[in-house]
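The values are calculated or read from the model by the stated rules, or taken from the named source; none is laboratory data. These figures come from a predicted structure and were not determined experimentally. Cβ: placed from backbone, ideal geometry, glycine included. Neighbour counts: every protein chain shown.
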Amino acid sequence: MLVNCGPLSDFTQARYVIHLSTGKRLVLFRLPAIDPACSKSNEAQGWSYFSMEAECPHAGGPMADSSVDIEDSAYVVSCPWHAYDFNVETGESSVGIKACTFPVDVRDGSVTVDFPVEDGESIGLGRIEPVSEKVKLKNPNPNPRPSNKQSKSEKPDKQDTPVFVPEDAGPAHYLDEKATFCDWAVHILNSANPEHKIELTTHLFTIFTGREAGGNPMELGRGKLPAPDQPPREKMVEVEPGAMPRTGRGGTLKSRIAMLHALANIELWAIDLAIDICVRFATFHTEGSSKELPRAFFHDWLKVASDEAKHFSLLRTRIEELGSYFGALPVHHGLWRSALETAHDLRSRISIIALVHEARGLDVNPMTIQKFRVAGDNESVQSLEIIHNDEITHVTTGHRWLTWICAQEGTDPVQVFRANVQKHFRGAIRGPFNEEARLQAGMDRRYYEDKPSTGSGVAAT
């Protein structure tokens, strides 16, 4: 059955989620035509349109967040959770499973998707949502150039921003083309201004992946620069984690702002954590086999950092839309204390940061989202849902690389994880656990339950 998704002119982004009236969800990709001279029914104005199921057939990962590559003159998308690849037109995969794809027709000025139905069954379009792909930068530099000077621009008119006028820190400083990956990483870690940090992180991910794809990979610069003991922060009121004011239950505007502010602080530290793991452990070698970390390790954690930059920008933007600003409330550095505790060992760092802290976020995110939904704050809900889906992929990244290290060293990743929790994490990891999200990220119950039937958690000192 043909489902009319709307006029062609409405589709300007790379991907959309299509909600059908039956509850089924599809992903619509809008990608540059590989061969513009060969006109097909799914092509128009130099663009090709493809549709496939929104959930990966392997473990249900969000295909709307997949990466896109060209292989053998065809587009291939890879699930962000476990990197299963699928031809976006045929659904075929190199791992033997197949995704459902649906023919798209873009003739006559409309985009239609051919979705199969049973005889007599009717189906219609519910809604279409563009997928958020870009960080919300305040003052993006359209033509970044290396500079040793940071010029001051005029401050905005206070009448235009009655709540808060941030001090203008000037443009972010960009390194030159000779800079290595670790040069950029240390530069980002030493950037105190949060807007500079997210801008530079996004830029590094763009140029790093672009050069990888273009056959001119960026030099890593392993071991040439040390990571700072602690990334600086700009004019923040710092308190101990236990002294943080209560955020409330989200029933009031003040409470929701406090909750978003606390989450933004976590995301800002998460950028540094993902960048720091690349620099601090750049020269890591596995025991016994003495293998160095492959380039994919640096790409994966830089992708995590880029996601965290997007998350911070979404939260910062929403805080300002609600009438406040990031920095208006106290913050704590609890996450970085865990980074210092695990600065000596990559296995410990992955275990505590990715598989404890990030995984705990998977447990509490649905409850937090529900608080905002009950309050009718749908704009915040949309941002928080984007963040939650991305965080599953971050736990997946941690699980993937701890498993890789253990495979090289002939050890059990579950036991390595548990040993590190007992040594480096205070308190106990207790439920309730988001078992579905954890399993999607690769963490089955062996990681966090002593006795699955009782729901007891991992004990720690």
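Of all residues in the stretch 370-381, those that are free of Cβ contacts under 8 Å to residues at least 12 places away in the same chain have Cβ atoms under 6 Å from Cβ atoms of residues that are in a helix (DSSP H, G or I), 6 or more apart or on another chain, in Arg373/Val381. Taken over the stretch 166-201, the criterion of being buried (at least 17 other Cβ atoms within 10 Å of the Cβ), within 19 Å of Lys310 (Cα to Cα) and small (Gly, Ala, Ser) is satisfied by Ala172, Ala185, Ser191. Determine if the stretch 39-49 includes at least one residue that is modelled with pLDDT under 85, out of contact with any Leu (no Cβ under 9 Å at 6 or more places or on another chain) and assigned by TED's automatic domain parsing to the domain that holds Val106. Checking the stretch 39-49: at least one residue is modelled with pLDDT under 85, out of contact with any Leu (no Cβ under 9 Å at 6 or more places or on another chain) and assigned by TED's automatic domain parsing to the domain that holds Val106. Among the listed residues Arg256, Arg295, which satisfies the condition of being touching a Gly at 6+ places or on another chain (Cβ under 6 Å), assigned by TED's automatic domain parsing to the domain that holds His333 and either farther than 20 Å from Arg337 by Cβ or touching a residue at least 12 places away in the same chain (Cβ under 8 Å) (or both)? Only one candidate passes the filter, namely Arg256.
Among the residues of the stretch 335-358, those identified as assigned to a helix (DSSP H, G or I) and of a type in the set (A, V, I, L, M, F, W, C) are Leu335, Trp336, Ala339, Leu340, Leu346, Ile350, Ile352, Ile353, Ala354, Leu355, Val356. Condition check for Val374 on (1) out of contact with any Pro (no Cβ under 7 Å at 6 or more places or on another chain); (2) closer than 22 Å to Ser66 by Cα: one failure, at (2).
Taking the condition in contact (Cβ under 8 Å) with a residue 60 or more places away in the chain, out of contact with any strand residue (DSSP E or B) (no Cβ under 9 Å at 6 or more places or on another chain) and assigned by TED's automatic domain parsing to the domain that holds Pro366, does Asn389 pass? Here the answer is no, as Asn389 does not meet what is asked.
Residues that are assigned to a loop (DSSP other than H, G, I, E, B) and touching a strand residue (DSSP E or B) at 6+ places or on another chain (Cβ under 8 Å) within the stretch 223-243 comprise Arg233, Met236, Val237, Val239, listed in sequence order. For the stretch 202-253, the set of residues classified as surrounded by 13 or more Cβ atoms within 10 Å (Cβ to Cβ), modelled with pLDDT under 90 and hydroxyl-bearing (Ser, Thr, Tyr) consists of Thr209, Thr247, listed by residue number. Per the listing Ser132, Ser153, Ser122, Ser147, the residue uniquely polar (S, T, N, Q), more than 30 Å from Met218 (Cα to Cα) and either at pLDDT below 80 or in the same structural domain as Ser383 (by TED's automatic domain parsing) (or both) is Ser153. Within the stretch 369-384, the set of residues being assigned to a helix (DSSP H, G or I) and out of contact with any helix residue (DSSP H, G or I) (no Cβ under 6 Å at 6 or more places or on another chain) comprises Gln370, Lys371, Val374, Asn378, Glu379, Gln382. Glu287 satisfies every condition listed in (1) part of a helix (DSSP H, G or I); (2) acidic (Asp, Glu); (3) farther than 30 Å from Asn378 by Cβ except (1).
Here is a yes/no grid of residues against (1) free of Cβ contacts under 8 Å to residues at least 40 places away in the same chain; (2) polar (S, T, N, Q); (3) under 14 Å from Trp301 (Cβ atoms); (4) in the same structural domain as Val304 (by TED's automatic domain parsing):
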| residue | (1), (2), (3), (4) |
| --- | --- |
| Ala185 | no, no, yes, yes |
| Ile188 | no, no, yes, yes |
| Glu195 | no, no, no, yes |
| Glu199 | no, no, no, yes |
| Phe205 | no, no, yes, yes |
| Gly210 | yes, no, no, yes |
| Gly223 | no, no, no, yes |
| Pro226 | no, no, no, yes |
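For Cys79, the conditions (1) surrounded by fewer than 20 Cβ atoms within 10 Å (Cβ to Cβ); (2) over 14 Å from Val131 (Cβ atoms) all hold with the exception of (1).
Take Ala264 and decide whether it is part of a helix (DSSP H, G or I) and within 27 Å of Lys371 (Cα to Cα).
Numbers: part of a helix (DSSP H, G or I): yes; within 27 Å of Lys371 (Cα to Cα): yes.
Yes, satisfied.
Val17: surrounded by 18 or more Cβ atoms within 10 Å (Cβ to Cβ), among the β-branched types (Val, Ile, Thr), in contact (Cβ under 8 Å) with a residue 12 or more places away in the chain and assigned to a strand (DSSP E or B), yes or no? No, not satisfied.
Inclusion of Thr317 among residues that are part of a helix (DSSP H, G or I), more than 13 Å from the chain's Cα centre (by Cα) and among the β-branched types (Val, Ile, Thr) is warranted. Considering the stretch 91-113, and only residues there that are of a type in the set (S, T, N, Q) and under 24 Å from Asn4 (Cβ atoms), the residue that is farthest from the chain's Cα centre (by Cα) turns out to be Ser110. Would you point out the residue of the stretch 86-105, among those that are outside any loop (DSSP other than H, G, I, E, B) and charged (D, E, K, R), that is farthest from Phe50 (Cα to Cα)? Within the stretch 86-105, the match that is farthest from Phe50 (Cα to Cα) is Lys98. Taking the stretch 32-58 as the search range and keeping residues that are crowded, with 17+ Cβ neighbours inside 10 Å and among the aliphatic types (A, V, I, L, M), which one is nearest to Glu436 (Cα to Cα)? So the residue we want is Ala54. Scanning the stretch 331-351 for residues that are closer than 11 Å to Phe417 by Cα and either of a type in the set (S, T, N, Q) or over 18 Å from the mean Cα position of the chain (by Cα) (or both) yields Arg347, Ser348, Arg349, Ser351.
In this structure, Ala407 does not satisfy being more than 22 Å from the chain's Cα centre (by Cα) and either within 22 Å of Gly250 (Cα to Cα) or outside the structural domain of Asp276 (by TED's automatic domain parsing) (or both).
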